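The values are calculated or read from the model by the stated rules, or taken from the named source; none is laboratory data. Just so it is clear, the structure is predicted and the values come from calculations on it, not from any experiment. Glycine also receives a Cβ, built like all others from the backbone with ideal geometry; neighbour counts cover every protein chain displayed. Surface areas here come from the heavy atoms of the whole protein model, side chains and all, with no ligands, DNA or RNA. Shrake-Rupley method; radii C 1.70, N 1.55, O 1.52, S 1.80 Å.
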Amino acid sequence: MLQLPRLKAVAGALLGAAALTISLNAQADTRLTYKSASAGTAYYQMGVELAESIKQGTDGGMTLTLEESQGSVQNVMEVMARPGNYVFTAPPGLVSKARASSGPFEKRQSPRFQDIRALFPIPSLTMHFVVSGEQDVVSLEDLAGKHLLIGQGSFGAREAARYLDLFGLTDKVDVDNADVGSAPDALKNGQIDAYATASSFPAPNVIETAASHAVGLVSFSESQVEQTGATPQVIPAGTYAGIDQDVLTTSLPVVAYATTAMDDDTAYTLTKTFWERREAMAETSPWWGGIRPQMLANLEGKLHPGALRYYDEAGIEVPEALR
């Protein structure tokens, strides 16, 4: 028979082991919500790919559950009610507006917006002006006299209209507001001469067009990009069939965010796994190939402490403003 002190020691050891097991199980089953965009969009597909990659990279220890979204404003708004393991995507400028209670957040203010922290960049929304014809690149001025489809209601449509106005082309271009989804067929059928679209590159609709029709892309000058006030983006030569030169255009950075309610270890593991799996994701979905640590320079506000720990450990240069 065990003596009382020995019995207490054994019981204590068993309780300690049980507590450790519970702790390990909790760490091995971290569940997060990931909110990005509506189903059928490129960004929703990125969410699918990211969720699978994080699961593989953590041996099932971390699970991202995708939720549909009506857009970045909704994603940010939900910070007001979401618990700690909420991950969402949004442009950095929109998050800055939430913190400043401006724009769409002027009448929906919340102190929780101050708790938003960045994790890592994801593929940017990149402007494409696709022009029918045998050429690699054309200038923005070459759109004059063209029938240009820009769509309506989307970021790409708004940017295209803004650029036409900014560079004095509004009255020189026949603008078509039809759904941009019809653009590839309309261009191939000769119903339009060009179309504008915003998507992470390589954009599926541009791939479709270039695969069966001779096209070129508008390449901005550096001064034109500066005039737009947008983030410059280079689409590398060879991204699309027949386009054998680099294309300089503009983009809208997009970032994966959490809040300070997410614990540091979770943010660290998520960020570390993303970067370690990025190349594998790029092998099957090329839009991940354009993500580079240098894109941290496009962020606004602060990094999550857990994400910052990873960047420091990995020797990745972090702008002082993000610390």
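Surface composition of the chain: carbon and sulfur make up 51 percent of the accessible area, probe 1.4 Å. Only lysines eight or more places from Lys172 in sequence, or on another chain, were considered; those with a Cα closer than 28 Å are Lys146, Lys188. Projected label points at Glu208 and Ala81, each 7 Å from Cα along the beta carbon direction, are separated by 3.5 nanometres. What does the charge count around Gly301 come to, taking other residues whose C-beta lies under 15 Å from its C-beta (Lys +1, Arg +1, Asp -1, Glu -1)? Around Gly301, the charge tally is +3. Here Lys97 is the anchor, and the aspartates and glutamates within straight C-alpha reach of less than 17 Å, apart from those fewer than 8 places off in the same chain, are Glu78, Glu106, Asp115, Glu300. Taking 19 Å as the straight-line reach from the Cα of Lys55, the lysines in range (excluding those fewer than 8 positions away in the same chain) are Lys35, Lys272. Looking at the chain, the accessible area is 47 square angstrom per residue; that uses a 1.4 Å probe and ignores ligands, DNA and RNA. When you restrict to C-alpha pairs under 8 Å that are six or more residues apart and normalise by the size of region 140-295, the relative contact order lands at 18 percent. May I ask you to derive the FRET efficiency for Thr170 and Ser101 from their Cβ-Cβ distance with R0 = 25 Å, giving the value to the nearest 0.05? Here the calculated transfer efficiency is 0.15. Within the assembled protein chains, the solvent-accessible surface assigned to Met80 is about 60 Å², based on a 1.4 Å probe. Taking every C-alpha pair closer than 8 Å and separated by at least 6 residues, the mean separation divided by the residue count of the chain gives a relative contact order of 21 percent. Converting phi to 3J(HN,Hα) with the Karplus coefficients 6.51, -1.76 and 1.60 and the offset θ = phi - 60°, region 58-70 yields 10, 6, x, x, 10, 10, 9, 9, 6, 10, 5, 9, 8 Hz in sequence order, with x at every glycine or proline. Considering only Ala51, Ala198, Ala178, the Gaussian network model of the chain with Cα springs below 10 Å gives its largest mean-square fluctuation to Ala178. Taking every DSSP beta bridge that has both ends in the chain, the antiparallel portion is near 60%. Relative contact order for region 253-323: 40 percent, from Cα pairs under 8 Å spaced at least 6 residues apart, divided by residue count. With every protein chain in place and a 1.4 angstrom probe, the accessible-area ranking of Glu52, Glu67, Glu159, largest first, reads Glu52, Glu67, Glu159. Amide H contacts for Phe120 (H built 1.01 Å from N in the peptide plane; partners 5 or more residues away or on another chain; cut-off under 5 Å): Ala256. Scalar couplings 3J(HN,Hα) for region 38-48, obtained by applying the Karplus form with A = 6.51, B = -1.76, C = 1.60 to θ = phi - 60°, are 7, 4, x, 8, 4, 6, 5, 4, 4, x, 4 Hz; x denotes Gly and Pro. For Arg112 and Thr41, a Förster radius of 25 Å and the Cβ-Cβ distance give a FRET efficiency of 0.40, rounded to the nearest 0.05.
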